[in-house]
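Engineer: Below are the structure tokens for one structure; questions will follow.
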Amino acid sequence: MEFAKLCAPTLKELFVKELENSILSGKLEIGTRLPSEREMAEMMQVSRAVVNAGIVEMSKKGFLTIKPRIGTFVADYRRTGTIETLVSIMNYNGGMLRTAEIKSILEFRMVLDTLAVQLVIPKITVDELAVLKGYIDQLHAAPTPARASELAFDFHHELGMISGNTLLPLIFYSFKYPILSLWERFCRMHGSESLYKNTEELYRYIEERNLQKAVASIIASLNDSISGSRQIYHE
């Protein structure tokens, strides 16, 4: 049996995690002005370079706003955050998403998946259908929820690629971590077979080039997870 190499977090990573936890817990409220980099370095016993690098990273994630010659402030990450912000929220919650965030991701997926099939169905080729069918067949035989989730992700990401819209696969891939987390949760609660049936049904309608039924299938399966019989908010 092999074990993965253990890597200690850097001082910058520890600094970022400490600040993220303080913001997400409410200890540092939105609008709060942080101490100067020199003061923070002294308080946390790290170099100013560590503090500066951590603040820059936190700013990119939408947690902080840097105002030159004025100071650094806690930002409203709900307005200024990125997908990395969502990942930080998940990590803070032990790898889980809150109900509002789960619902939001499912609703967003409804938009992405609907656009994908609208673009794919009029032009998909036999070879492209064969690629999608390969994912379906592997999904049916997936040995674990994690593997089933990966194959479902690959199927939907491939739809984005086939669509020809250059942004669709990029946007979908940027949400890979939270989407995989939700699909794994779905499989644990309702079985990998349910994920297979949903994906296989969508594939079948794409193969038949039936746009109306494909869109209806997407909406029905996601609504079922949002407010129907197969919700994934609680285990």
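Engineer: Going 7 Å from the Cα of E207 along its beta-carbon direction, which residues of the stretch 109-125 have the amide nitrogen within less than 20 Å of the resulting point?
Structural biologist: Zone members listed by number: 117-125.
Engineer: Go ahead and run the numbers for FRET between T144 and S36, Cβ-Cβ distance against an R0 of 41 Å, rounding to 0.05.
Structural biologist: Working: r = 50 Å, r/R0 = 1.21.
Result of the calculation: an efficiency of 0.25.
Engineer: Compute the angle between helix 99-120 and the longest alpha-carbon principal axis of the chain, please, reported from 0 to 90 degrees and rounded to the nearest 10.
Structural biologist: Helix 99-120 and the main axis of the chain meet at about 50 degrees.
Engineer: Now a separate question. On the Cα set of the chain, report Rg and Dmax in Å, please.
Structural biologist: Cα only, the chain: 21.4, 66 Å (Rg, Dmax).
Engineer: Moving on to the next point. Highest mean first, what order results for 98-104, 50-56 on Cβ atoms within 10 Å?
Structural biologist: Working: 98-104: 14.1, 50-56: 19.7.
Averaged packing, sorted descending, gives the order 50-56, 98-104.
Engineer: Leaving out same-chain residues fewer than 8 places away, which aspartates and glutamates sit with a Cα under 12 Å from that of K133?
Structural biologist: The qualifying aspartates and glutamates are D154, E158, E200, E201, E207.
Engineer: Here is a further query. Nearest 20 debye, what's the magnitude of the dipole of the stretch 96-227 about its Cα centre given +1 on Lys and Arg Cβ and -1 on Asp and Glu Cβ? Each step should come with its number before you reach the end.
Structural biologist: Details: 13 positive and 16 negative charges, 60 e Å.
So the magnitude is around 280 debye.
Engineer: If you don't mind, another one. With the crude spin-label approximation of a point 7 Å out along Cα→Cβ, what separation in nm comes out for E101 versus K27?
Structural biologist: 1.8
Engineer: Give the relative contact order (percent, whole number) for the stretch 11-83; include only Cα pairs under 8 Å separated by 6+ residues. Intermediate results must be reported in sequence, preceding the final value.
Structural biologist: Working: 86 pairs, mean separation 25.4, N = 73.
Dividing the mean separation by the residue count of the stretch 11-83 yields 35 percent.
Engineer: As a check on your grasp of the helix formula, calculate [θ] at 222 nm for the chain: sum -39500 (n - 2.57) over DSSP H runs of n ≥ 4, divide by the residue count, round to the nearest 500. Intermediate values should be presented prior to the final figure.
Structural biologist: Numbers: 12 runs with 161 residues, N = 235.
Calculated mean residue ellipticity at 222 nm is -22000 deg cm²/dmol.
Engineer: Using the structure shown, select from K123/K213; K27/K176; K12/K60 the pairs with a Cα to Cα distance greater than 22 angstrom.
Structural biologist: Numbers: K123/K213 17 Å; K27/K176 30 Å; K12/K60 14 Å.
In this structure, K27/K176 lie more than 22 Å apart at Cα.
Engineer: Working from Cα positions, state the angle (0 to 90°, nearest 10) between the long axis of helix 176-190 and the longest principal axis of the chain.
Structural biologist: 60
Engineer: Quick one: what are the phi-derived ³J(HN,Hα) couplings along the stretch 145-150, Karplus 6.51/-1.76/1.60 with θ = phi - 60°, whole Hz, x for glycine and proline?
Structural biologist: Using θ = phi - 60°, the values come out as x, 5, 5, 4, 5, 4 Hz.
Engineer: Restricting to DSSP loop positions (anything but H, G, I, E, B) with no more than 11 other Cβ atoms inside 10 Å of their own Cβ, which GluC sites (Glu not before Pro) remain in the stretch 14-62?
Structural biologist: Values: sites: E18, E20, E29, E37, E39, E42, E57; in loops: E29.
Counting only loop positions with at most 11 other Cβ atoms within 10 Å, the GluC sites (Glu not before Pro) in the stretch 14-62 are E29.
Engineer: With axes computed from alpha carbons, what is the tilt in degrees of helix 211-227 against the longest principal axis of the chain, rounded to the nearest 10 within 0 to 90?
Structural biologist: Once rounded, one gets 50 degrees.
Each reported figure results from applying straightforward, stated rules to the coordinates on display, with no laboratory input. Just so it is clear, the structure is predicted and the values come from calculations on it, not from any experiment. Virtual Cβ from ideal backbone geometry, glycine too; neighbours counted across all protein chains shown.
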